[in-house]
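One structure is given below, encoded as structure tokens.
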Amino acid sequence: MLSRPRRNRRHEVIRSMVRESHLSAAHLIAPLFVIEGKDSRIPIKSMPGQNRLTIDQLVKESRELFALGVKCVSLFPAIDDKFKTPDAREAFNPEGLNARAIRAVKEALPDMMVMGDIALDPYSSDGHDGLVDSKTGEILNDATLEVLAKQALCEARAGADIIGPSDMMDGRIGFIRKALDQENFHNTLIMSYCAKYASGYYGPFREALDSAPKKGDKKTYQMDPANSTEALREAKLDEAEGADILMVKPGLPYLDIIYRLKQASHLPIAAYNVSGEYAMVKAAAQNGWIDNDKVILETLTCFRRAGADVILTYFAKEAAILLDQ
Ligand code: PBG
């Protein structure tokens with residue numbers, strides 16, 4: 001036998017030398033849930049270890065993440081029912097929970113990159129990412145763009161470094177880019193949720209925000225899990241419309257999409273390791289069926305191998321601690 005692949009695996013020093021993919025805290029973004037109130041952390045049942053944080057706790061958590069090398073957070077506010085309306089106007093309230101949360105993190109930690117989510121579901125009494133036609137039930141594309149642009153400006157004015165449109169309306173990247181540029185926010189990045197699928201893996205997230213659609217599903221705007229060429233079409237449009245980073249969501253069942261976008265695009269690619277993926281690992285680990293720490297690092301490394309430059313993950317803090325050891 002002339003060729004023995006095992007020779008390159010025989011010692012940890014050799015394995016490290018020939019390793020193809022690397023993971024560090026710098027690649028991670030921590031999604032965090034925010035609620036009104038003071039000094040409290042309310043556990044999310046389906047996401048063991050994750051909490052809804054009041055703004056003071058959000059700042060504390062952000063400080064800890066930053067010290068561990070996780071220097072980007074993505075904020076998701078849980079809005080009180082009394083502020084949810086059909087027009088989702090709370091989405092662009094400069095004194096609303098979202099804007100206050102962004103300002104608080106940026107004030108405490110100017111070098112922490114803060115990403116704001118763009119979509120109407122947390123603010124809409126219909127629980128959809130876009131406006132709903134009250135007669136037909138249709139999710140209205142072009143009328144929604146106006147609201148999304150107001151939301152993006154509200155977040156940029158509050159200090160958000162990155163705007164993350166997760167709504168999947170057509171044309172939103174260009175529409176938001178123009179609105180930002182008109183107010184001189186040309187340095188604000190857009191990380192497009194470019195290939196976002198209509199997925200069952202978002203269940204725990206919708207529990208955390210109480211944001212599930214009141215009627216119907218999201219299949220007229222989020223992508224069909226059976227499709228992958230369609231992701232290339234979305235990528236091409238988002239690139240042309242001025243996106244800075246393209247995201248694939250969910251993560252693990254969609255590694256092929258990450259790979260295809262990485263090959264097809266010159267933009268950095270992000271992967272969102274979503275709530276349901278987190279819940280599955282935690283449930284199995286709590287039962288002693290898998291090794292929590294090994295599975296976390298393996299999962300995140302596999303995202304990197306598939307082509308993800310950036311990973312949004314609820315494991316960010318745990319992974320950063322493990323990588324530090
Ligand atoms: C909503 C939004 C969702 C997630 C991020 N932004 C849920 C949805 O589309 O219903 C899911 C994230 C997760 O499951 O971790 N615009």
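The values are calculated or read from the model by the stated rules, or taken from the named source; none is laboratory data. Computed from a prediction, not measured in an experiment: that's the story for all the values here. All Cβ positions, even for glycine, are placed from backbone atoms using ideal geometry, and neighbour counts span all protein chains on display. SASA here: full protein model, heavy atoms, side chains in, ligands and nucleic acids out. Shrake-Rupley method; radii C 1.70, N 1.55, O 1.52, S 1.80 Å.
In table form, for the structure just shown:
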item	result
Near pairs, Cβ below 7 angstrom, 6+ apart or cross-chain, from segment 192-207 (in contact (Cβ under 8 Å) with a residue 60 or more places away in the chain) to any residue that is β-branched (V, I, T) and within 8 Å of the ligand (Cβ to nearest atom)	Y201/V274; Y202/V274; F205/V274
Options F83, F92; residue that is within 21 Å of the chain's Cα centre (by Cα), closer than 26 Å to S275 by Cα, at pLDDT 95 or above and open to solvent by 10 Å² or more (accessible area, probe 1.4 Å)	F92
Qualifying position, being on the phi > 0 side of the Ramachandran plot and in contact with a Leu (Cβ under 8 Å, 6 or more places away or on another chain), among G307, G288, G242	G307
Which numbered condition R260 fails, given (1) within 16 Å of the ligand (Cβ to nearest atom); (2) closer than 24 Å to A26 by Cα	(1)
Test for K236: is it more than 12 Å from the ligand (Cβ to nearest atom), closer than 30 Å to T85 by Cβ and open to solvent by 10 Å² or more (accessible area, probe 1.4 Å)	no
Segment 121-154, residues that are open to solvent by less than 50 Å² (accessible area, probe 1.4 Å), out of contact with any strand residue (DSSP E or B) (no Cβ under 7 Å at 6 or more places or on another chain) and either within 16 Å of the ligand (Cβ to nearest atom) or not in a loop (DSSP other than H, G, I, E, B) (or both)	D121, Y123, S124, G127, D129, N141, L145, A149, L153, C154
First in segment 213-225 and free of Cβ contacts under 8 Å to residues at least 24 places away in the same chain, second anywhere and assigned to a loop (DSSP other than H, G, I, E, B), Cβ under 7 Å, 6 or more apart	D217/A198; K219/A198
Checklist (1) out of contact with any helix residue (DSSP H, G or I) (no Cβ under 9 Å at 6 or more places or on another chain); (2) of a type in the set (S, T, N, Q); (3) buried (at least 17 other Cβ atoms within 10 Å of the Cβ) applied to T220, failing item	(3)
Positions within segment 180-201 being surrounded by fewer than 22 Cβ atoms within 10 Å (Cβ to Cβ) and among the aromatic types (F, W, Y), in sequence order	F185
Residue under evaluation L180, criteria (1) of a type outside the set (F, W, Y); (2) at positive phi; (3) not in a loop (DSSP other than H, G, I, E, B), criterion not met	(2)
Among the candidates V281, V248, residue that is within 16 Å of the ligand (Cβ to nearest atom) and in contact with a Ser or Thr (Cβ under 9 Å, 6 or more places away or on another chain)	V281
In segment 23-80, residue most open to solvent (accessible area, probe 1.4 Å) [restricted to those that are within 14 Å of the ligand (Cβ to nearest atom) and among the hydroxyl-bearing types (S, T, Y)]	S46
Hey, D244 touching a strand residue (DSSP E or B) at 6+ places or on another chain (Cβ under 7 Å), among the acidic types (D, E) and buried (at least 22 other Cβ atoms within 10 Å of the Cβ) or not	no
